[in-house]
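Every read-out reported here was derived from the displayed coordinates using simple, explicitly stated rules and does not represent laboratory data. None of the values given here were measured: they were computed from a predicted structure. Note: ideal-geometry Cβ built from the backbone for every residue, glycine included; neighbour counts use all protein chains shown.
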Amino acid sequence: MRLIVARCSVDYTGRLTTHLPEAVRLLMIKNDGGVSIWHDGGSSVKPQNWMTPPTVIETEGEPIERMVVRKRAGATEDRLDIRIVEVVSDVTHDMGEAAALEKDGVEAHLQELLAEQPHWCGEGFRLVRREWPTDIGPVDLMCRDEQDGWVAVEIKRVATIDAVEQLTRYLQRLREDPAMADCQGVLAAQQIKPQARVLAESRGLRCVEVDLAVLRGEREPDLTLFMV
């Protein structure tokens, strides 16, 4: 991983146009081609701008004076143009082999149980594989529905807007494969935050709340049909 602390300005063009004026920022360039741009303030968990892999990275100058990051986005191209005025630090670290994210006990258990009982994610669902690999991380469950269509299922204990964004990114990557162009998404969780549900449904994602006790067979599911 290459870490550059530099005074720079950043212009993004693609689905929209943005400009970050000259300031000291951290440029994080990962070996997989991912690039993120950070500043010392605001959100501590979200970069000011970023580009997910795969990308093409071009640099000019020694020390570096300019970096251009390009990524194909359908028929168009996303582009980060980083103009560097002063390099404060430029170091490269060998991070070694990445260890997989270990989910908390409840989330991991939910995944196991839903893999065994995928019909709770959707009627007629059947499991194809757990931890379906993509170049930006594994999809929790990859299933087929009653019409034999592909469905990606993201599982959370509590689903927030971040979970919706994560599933959206997975679907974007999966749909680049023509065989999965119509892949659908399901967000399954014990609890889905209202804002997350609104965002998910606006993007055509299905939301499913599951009960861990029902999945474990510790109690019967609530009846939805009854006689009077």
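When segment 1-159 is described by a simple charge dipole with +1 on each Lys and Arg Cβ and -1 on each Asp and Glu Cβ, the residue from Ser36, Cys8, Val87 located farthest towards its positive end is Cys8.
Against the main long axis of the alpha-carbon atoms of the chain, helix 161-174 sits at an angle near 80°.
Between Glu58 and Arg169, the simple spin-label model (points 7 angstrom out along Cα→Cβ) gives 2.6 nm. Taking a straight Cα-Cα cut-off under 15 Å and skipping sequence neighbours fewer than 8 places away in the same chain, the aspartates and glutamates within cross-link reach of Lys156 are Glu102, Asp104, Glu107, Glu112, Glu131, Asp140, Glu165, Glu209, Asp211.
Quotient of the Cα radius of gyration of the chain and 2.2 N^0.38 Å, N being its number of residues: 1.22. The charge dipole of segment 155-208, taken about its Cα centre with unit charges on the Cβ of Lys, Arg, Asp and Glu (plus for the first two, minus for the last two), comes to roughly 240 debye.
When the Kirkwood radius is taken over all Cα pairs of segment 114-228, what Stokes-Einstein diffusion coefficient follows at 37 °C and 0.692 mPa s, in µm²/s? Estimated diffusion coefficient is 224 µm²/s. Both the radius of gyration and Dmax for segment 1-100 are 13.4, 37 Å, in that order, over alpha-carbon atoms. Modelled label positions at Ala181 and Ser36, each set 7 Å beyond Cα in the direction of Cβ, lie 3.3 nm from each other.
Under a model in which nothing but the beta-carbon of Lys, Arg (+1) and Asp, Glu (-1) is charged, the chain shows a dipole of about 400 debye around its Cα centre. Among the trypsin sites (Lys or Arg not before Pro) in segment 1-43, those placed in a DSSP loop whose Cβ has at most 16 other Cβ atoms within 10 Å are Arg15, Lys30. Of all the options Leu113, Leu20, Leu212, the one that moves most in a Gaussian network model of the chain with Cα springs shorter than 10 angstrom is Leu20.
Averaging the Cα positions of each part gives two centres, and for segment 138-201 and segment 20-71 these lie 28 Å apart.
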